[in-house]
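Taking it in order: structure first as structure tokens, then the write-up.
The values are calculated or read from the model by the stated rules, or taken from the named source; none is laboratory data. Being a predicted model, the structure only gives us computed values, none of them experimental. Because the Cβ atoms are built from the backbone with ideal geometry, glycine has one as well, and the counts that use them run over all protein chains shown. Quick note on the areas: whole protein, heavy atoms, side chains included, nothing else; ligands and nucleic acids left out. Shrake-Rupley method; radii C 1.70, N 1.55, O 1.52, S 1.80 Å.
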Amino acid sequence: MFTLEIDGTAIAVINGDEATARDLFTCDGFKEDIRTMTTAGRPIWNGTSALTVRKATEDEIEEFEDALAADDGEGDFEPDEHHAAEGTGSDDEEEADIVFLVDIDDEDEDQPLDA
């Protein structure tokens, strides 16, 4: 497993090999996602900091496994059309799971109550 780290903070873990991790963590669609997603009101990625892919620590692997075990399979999965359009994988390639290690802000939290 490999971890995406930005400015010294572990952001996400993937259960793939290093090539898969680098491919997914650096594709245009994922980079756009982490520029628009926020944690504690701030973007996960500022668009300029280095995206570092490294081997996951034992604690990060445990957090990944706990998150997958707790997943009820009813999340809002949306395929990444940017990555799919690049055509880098084959149809029989196994899908990799990504678990964020930072708390992602809920999009609805920023909505005014009197809308």
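The residue of the range 38-60 that is most open to solvent (accessible area, probe 1.4 Å), among those that are in contact with a strand residue (DSSP E or B) (Cβ under 7 Å, 6 or more places away or on another chain) and among the aliphatic types (A, V, I, L, M), is 51.
Would you check if there is a residue in the range 71-93 being surrounded by 10 or more Cβ atoms within 10 Å (Cβ to Cβ) and modelled with pLDDT of 80 or more? No: the range 71-93 contains no residue that is surrounded by 10 or more Cβ atoms within 10 Å (Cβ to Cβ) and modelled with pLDDT of 80 or more. Could you tell me which residue of the range 1-30 is nearest to residue 46 (Cα to Cα), considering only residues that are open to solvent by less than 60 Å² (accessible area, probe 1.4 Å) and in a helix (DSSP H, G or I)? Of everything passing the filter in the range 1-30, 30 is nearest to residue 46 (Cα to Cα). For residue 62, the test of being within 14 Å of residue 101 (Cα to Cα), in a helix (DSSP H, G or I) and modelled with pLDDT of 95 or more is passed.
For the range 35-47, filtering for residues that are out of contact with any helix residue (DSSP H, G or I) (no Cβ under 8 Å at 6 or more places or on another chain) and touching a residue at least 24 places away in the same chain (Cβ under 8 Å) leaves 5.
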